[in-house]
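K.L.:
I have a structure here, written as structure tokens, and I will follow up with some questions on it.
What follows draws every value from the coordinates through simple rules; no lab data is involved. Keep in mind that what you see is a predicted model, and the values were worked out from it rather than measured. Don't worry about glycine lacking a Cβ; one is built from the backbone with ideal geometry, like all the others, and counts go over all protein chains shown.
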Amino acid sequence: MMRARILCSCVVLALMVGSTVGSAQDIAALKRQAASGNAKAQFELGMDYDNGQGVPKNHAEATRWFRKAAEQGNATAQYNLGVARVWQQRAARLC
């Protein structure tokens, strides 16, 4: 039951805050903003890497950008890091 709630929450959250970035120019601009320290851009870039939107899907890169945004107080990025940690721990127990 708890797994279903967590998964459902993640899906709903991803749909609510998903990035709309698509073109190469948009991605390049987002990367520049994220690199300059813009927490919202860092979070959006993390979402793009996590979902493979406009960039290759890369969970390690997504985590890196979520961490940068979280360190600046972005609550959704902090939540995403927590969820990722829970899933990593569960996967480690299964191996």
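K.L.:
Given labels modelled 7 Å from the Cα in the Cβ direction, how far is it in nm from TRP87 to GLU61?
P.N.:
1.7
K.L.:
Can you classify the stretch 38-95 as rounded, prolate or oblate using the Cα gyration tensor, where a ≥ b ≥ c are the square roots of its eigenvalues, rounded means a/c under 1.5, and otherwise it's prolate if a/b beats b/c and oblate if not?
P.N.:
Because a/c hits 1.5 or more and a/b fails to exceed b/c, the stretch 38-95 counts as oblate.
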